[in-house]
Amino acid sequence: MKLLRAALVSAARLAALTALVLGPVAAQTSGTPVRALHYGDSLFYFFQDRYFTALTSLMVSQHFARLSGHEEDAELLRGGLLLSYGLHKQAGEVFTALIERGAPPAVRDRAWFYLAKIRYQRGLLAQAEEALARIGGALPAPLDEERTLLAANLLMARGAYAEAAKLLAAVTDSAGLFTRFNLGVAMIKSGDVAGGTALLDQVATAPAHSEEDRSLRDRANVVLGFAALQNKDPARARTYLERVRLQGLHANRALLAFGWAALELKQVQAALVPWTELAARTPVDAAVLEAKLAVAYAFAELGAMRQALEGYQQALAAFEREAAALDESIAAIQAGQLTAALLARNPGEEMGWFWSIEELPQMPHGAHLVPVLAQHEFQEAFKNWRDLVFLDRNLRTWQEKLGALQDMLENRRQAFAARLPIVREQERSLDVENLARRHATLQAEFAQAAQRADGAGLADARELAAMARIEAARALLARLPASPERDEAAERLRRIEGALTWQLAQQAPVRRWEAQKGLREIEQALAQARAAHARLAQAQREEPARFARFAARIDELARRLQALLPQVAALTAEQQAHLQALAAAELKRQKERLVQYANYAHFAVAQILDRASVAQEASRGGAAR
């Protein structure tokens, strides 16, 4: 597993780009309150690494204008999320729109930088250079070095090593190991072998603080070692190769080259030490297979023909076993086991373009897959296939949801049709207009009572009865003849009437306020009833049309899904076939290399046997004489 992780160092560097692409939005979010709830919802999914959900929820919120106060941040986040899925064209449109709308220079420059990075990773070199050229000012310190390194990589991809070396030389003092390594390679390829070698030697001896640094240091020593061998300087080559770790990614090539350096120095026995160690390792790497031949060759050089013959025969047997194992791996790949196992061992379906393979699948002879998975082309193709699988699953999920939505819509229709007659009957029984007329009558009565200002118009039922009794008593007294008893009764009636009048006058303000309050509540209730009546009338007019629009939308989406699913399924199958072809092609190349090694071994065995036969014939001839 350590070997695989080391083999995928470049993929790890690409994964680290996620923070560069989307970092500005995260930084702004950490220091700026989120004022729009729906923007916070998208950020929640984003920080959960659910990039697809974050992107779709963000686009829905943008469609309904729910991101007030975060429009620019949201658009920058959308562009970064599109980049995370490798949609560089769509992301470029987003960034271009931001620039045209007058985005701040810092946002504009970072947008073009991110676009250049993803285009470079996609192999779109001309487009990457065009995006890089649009950066107007200096980027923040961590990104500025990345920018220089990217520009140098683009130059080297075009073969302009001298220009790349000149560009990298300007940042060498403060640059990291990776930049200095690239500068050293560029200098050597541009003709400055001495300068490039000196710079690579600095990288090869620099302190390493991470596995990436250690792997890069090993790589620099291997490059220096092979360069020294090509320059016929085996002693210096050994000095470089001795620095390489025995268990690192580049250990096999270093051991092989170390043996050849010893052989160049006429130290055959010294060459056997690294080659024997290397030959005992897993026969997946070409260096291991070559070491099996080199061991036999070394024995032949030492004159140990028996050991040489055994070495070549053992190598041939190893080649046959490895060829059979490769056939099994190729068959498993072509049967589709590789892709399914990779998904199972490396979850993270919504991670976007910066997700990478880290775990080998459970397959026969899984070690064969290390060089396959380390290929950039395979990694990119697998991401495409993984995204297609996710899209297929997502579309099928939505197809099921549309069925549920259709059922919900039908239930709503039935419920509306069932409840409408009941609501209509309730509305008719309410008779809002009759209530309105009664309310108008009460308002008129209240106005009359208010004009009298004596409180009699606001009397309750008991007081009205008392007033009626007083009037009846007064009429009765008027019919009686004058007498002291009649005068006494009239005085008592006057006092009672006065007490009632005083009582009504005292309670009039409170009753007037209560009456006004009651009339207002009745008016509000009437207004609510009229509004409900209007809504009911509107619902009767619009709900059937609304149901029809929903049904049409569901039917349209169902047709789109029905059309998309076969396309996605076909593309998924095509991409899987392409993936399997890539993997199988790499293993077939390994088989072809085995054939070459086997041919060499057969030729060497034939030579040894011929020599032995000639020697035997010569000895017989001498004995005969």
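What about His376, is it at pLDDT below 80 and within 30 Å of Phe603 (Cβ to Cβ)?
no
Residues in segment 529-539 that are in contact (Cβ under 8 Å) with a residue 40 or more places away in the chain and open to solvent by 100 Å² or more (accessible area, probe 1.4 Å): Arg530 only.
All of Ala581, Ala606, Ala558 fail the test of being open to solvent by less than 70 Å² (accessible area, probe 1.4 Å), among the small types (Gly, Ala, Ser) and touching a residue at least 40 places away in the same chain (Cβ under 8 Å), apart from Ala558.
Look at Ala235 and say whether it is touching a residue at least 24 places away in the same chain (Cβ under 8 Å) and surrounded by 20 or more Cβ atoms within 10 Å (Cβ to Cβ). So Ala235 does not fit the description; no. Here Gly79, Gly86 are screened, and the one residue that is buried (at least 17 other Cβ atoms within 10 Å of the Cβ), assigned to a loop (DSSP other than H, G, I, E, B) and among the small types (Gly, Ala, Ser) is Gly86. Scanning segment 90-112 for residues that are open to solvent by 70 Å² or more (accessible area, probe 1.4 Å) and more than 12 Å from Gly137 (Cβ to Cβ) yields Gln90, Glu93, Glu100, Arg101.
Applying a threshold of 8 Å to beta carbon distances and a minimum spacing of six or more residues, or different chains, the list of pairs starting in segment 303-320 at a residue that is touching a residue at least 40 places away in the same chain (Cβ under 8 Å) and ending at one that is hydroxyl-bearing (Ser, Thr, Tyr) and open to solvent by 40 Å² or more (accessible area, probe 1.4 Å) reads Ala308/Tyr297.
Being surrounded by fewer than 20 Cβ atoms within 10 Å (Cβ to Cβ), of a type in the set (Gly, Ala, Ser) and either modelled with pLDDT of 90 or more or under 46 Å from the mean Cα position of the chain (by Cα) (or both) is true for just one of Ala227, Ala254, Ala261. Which residue is that?
Ala227
Table: residues versus (1) of a type in the set (Ser, Thr, Tyr); (2) open to solvent by 90 Å² or more (accessible area, probe 1.4 Å); (3) in contact (Cβ under 8 Å) with a residue 24 or more places away in the chain.
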residue	(1), (2), (3)
Ala527	no, no, no
Ile554	no, no, yes
Gln567	no, yes, no
Ala570	no, no, no
Gln576	no, no, yes
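Looking only at segment 461-515, residues that are open to solvent by 80 Å² or more (accessible area, probe 1.4 Å) and polar (S, T, N, Q) come to 1 in all.
The values are calculated or read from the model by the stated rules, or taken from the named source; none is laboratory data. In this text the structure is predicted, and so the values were computed from the model without any measurement. Please note: Cβ atoms are built from the backbone with ideal geometry, for glycine as well, and neighbour counts cover all protein chains shown. Side chains are part of the model used for accessible areas, which takes the heavy atoms of the whole protein and leaves out ligands, DNA and RNA. Shrake-Rupley method; radii C 1.70, N 1.55, O 1.52, S 1.80 Å.
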